[in-house]
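Here is the structure we will look at, set down as structure tokens.
What follows draws every value from the coordinates through simple rules; no lab data is involved. The shown structure was predicted, so the numbers you read here are calculated from the model rather than taken from an experiment. Virtual Cβ from ideal backbone geometry, glycine too; neighbours counted across all protein chains shown.
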Amino acid sequence: MIYDLLNIISNSLEKSDLKGIKNDFSGFLSKIDKQKGKVFVLDNGFNSVTKEFLEGEINQMLKTQTIERIKYYIKRLQKSLTEIKNNKINDLNLNRWKEYDDIITDSLWVLNKRDKSGVHHAGYWGNFIPQIPNQLLRRYTKKGDWILDPFLGSGTTIIESQRLGRNAVGIELSKKVLDQSKKIISKEKNPLKVKLEFVNGDSASIDLKNILSSLQLKSFQFQIFHPPYWDIIKFSDNKSDLSNAKSIEEFLKGFGKVLDNCLPYLDNKRYAAVVISDKYSNGEWIPLGFNVMQEVTKRGMILKSTIVKNFEETTAKRNQKELWRYRALAGGFYVFKHEYIFIFQKK
Ligand SMILES: C[S@@+](CC[C@H](N)C(=O)[O-])C[C@H]1O[C@@H](n2cnc3c(N)ncnc32)[C@H](O)[C@@H]1O
């Protein structure tokens, strides 16, 4: 069903009687209220619009007391239904920003349920929850952009890229992990014809220029770094694996090399994200997150945000909860419940 809302809007802008205008819009509201479904197509065929959005805008109009105010709201609604306002780095229509209430803009992320849809799985120890790349890709990329994930692991970023119509290159040191991830991801449909590249190698030294030129590209539009949290999880015996660094200095040096290898291939003004947590070592809190953040800013990137995200409770953690609580009380420390997502922009 196609709705004549734009007609109502243009007619009401000619009118000068507040009551009549309100009647037209409340008539429209009751019309969509009877209609099943949540999304409507309007008479200019302009995208689609959600019932919730229309209800919100129209209810605000119906509360107004003056003709000037209602016309201001009507014009705003008209604009949001006929014009697209984009910034250059994503596909969000800022004239319809109220519709994106699932996009987080606060610096505290509490995400308790892991998205397990399709081929996403929690089986790779140390993978992040899909909502992290999903949120970041929608904020910082457009359809058709190219994403780099130099710590592919189970490929959570790549799965989200494919779903969102972003092309991606994922690099993973372990061939076994890479092959397994590639196999799993190939089971998911690719209706948007996204190009995905899986590369086995060390992100600190791999020839990215060569990888890019084989794809007829020069650069990426977004990079997401989810390195090992130093030695919290040992991913392999490979010396180049950052989880095998002998000291924090060695870990930071190794991560710095990955940055030096990747960041030159990020477009200016575009964004990068690092997902990491702090850790305890011999009873001392090691501010790994902040150390890593400084490695990035040292390289001339602007820090745009420090997001704190909760740790979901894994089954293993839940079973040990009481023990950790006792240890915390006895030892004067706090149990880790968060990790960081640092957002940077290239100058
Ligand atoms: C924290 S996990 C990434 C998990 C990933 N975000 C996911 O959701 O599955 C880090 C990954 O980096 C890999 N890795 C460690 N050092 C590396 C290096 N120098 N180059 C490339 N990959 C590396 C590890 O094998 C591991 O799979």
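Residues that are assigned to a helix (DSSP H, G or I) and over 24 Å from ASP145 (Cβ atoms) within segment 256-281 comprise GLY256, LYS257, listed in sequence order.
Matching residues to (1) under 25 Å from PRO133 (Cα atoms); (2) over 26 Å from the mean Cα position of the chain (by Cα); (3) of a type in the set (A, V, I, L, M); (4) within 16 Å of the ligand (Cβ to nearest atom):
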{"site": "PRO264", "(1), (2), (3), (4)": "yes, no, no, no"}
{"site": "ASN268", "(1), (2), (3), (4)": "yes, no, no, no"}
{"site": "ALA273", "(1), (2), (3), (4)": "yes, no, yes, yes"}
{"site": "MET293", "(1), (2), (3), (4)": "yes, no, yes, no"}
{"site": "PHE311", "(1), (2), (3), (4)": "yes, no, no, yes"}
{"site": "GLY331", "(1), (2), (3), (4)": "no, yes, no, no"}
{"site": "VAL335", "(1), (2), (3), (4)": "no, yes, yes, no"}
{"site": "GLU339", "(1), (2), (3), (4)": "yes, no, no, yes"}
{"site": "LYS346", "(1), (2), (3), (4)": "yes, no, no, no"}
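Counted as qualifying within segment 51-157 are the helices (runs of 4 or more DSSP H) with 1 or more residues that are surrounded by 13 or more Cβ atoms within 10 Å (Cβ to Cβ), away from the ligand (no atom under 16 Å from the Cβ) and more than 18 Å from the chain's Cα centre (by Cα), namely 51-62, 67-82.
Selection of first residues in segment 332-346 that are closer than 25 Å to LEU259 by Cβ and of second residues that are outside any strand (DSSP E or B) and small (Gly, Ala, Ser), restricted to Cβ pairs under 9 Å at least 6 apart or on distinct chains, gives the following pairs, ordered by first then second residue: PHE336/SER277; HIS338/SER277; GLU339/SER277; GLU339/GLY289; TYR340/SER277; TYR340/GLY289; PHE342/GLY289; LYS346/GLY300.
Taking the conditions exactly as written (more than 30 Å from PHE222 (Cα to Cα) and hydroxyl-bearing (Ser, Thr, Tyr)), does SER107 satisfy them or not?
Working: more than 30 Å from PHE222 (Cα to Cα): no; hydroxyl-bearing (Ser, Thr, Tyr): yes.
Taking the combined requirement at face value, the residue does not satisfy it.
Looking across segment 232-253, the residues that are assigned to a helix (DSSP H, G or I) and within 9 Å of the ligand (Cβ to nearest atom) come down to LEU242, SER243, ASN244. Do the conditions hold for LEU173, that is, is it closer than 24 Å to TYR340 by Cα, away from the ligand (no atom under 14 Å from the Cβ), in contact (Cβ under 8 Å) with a residue 24 or more places away in the chain and surrounded by 14 or more Cβ atoms within 10 Å (Cβ to Cβ)? Considered against the rule, which asks whether it is closer than 24 Å to TYR340 by Cα, away from the ligand (no atom under 14 Å from the Cβ), in contact (Cβ under 8 Å) with a residue 24 or more places away in the chain and surrounded by 14 or more Cβ atoms within 10 Å (Cβ to Cβ), LEU173 comes out as no.
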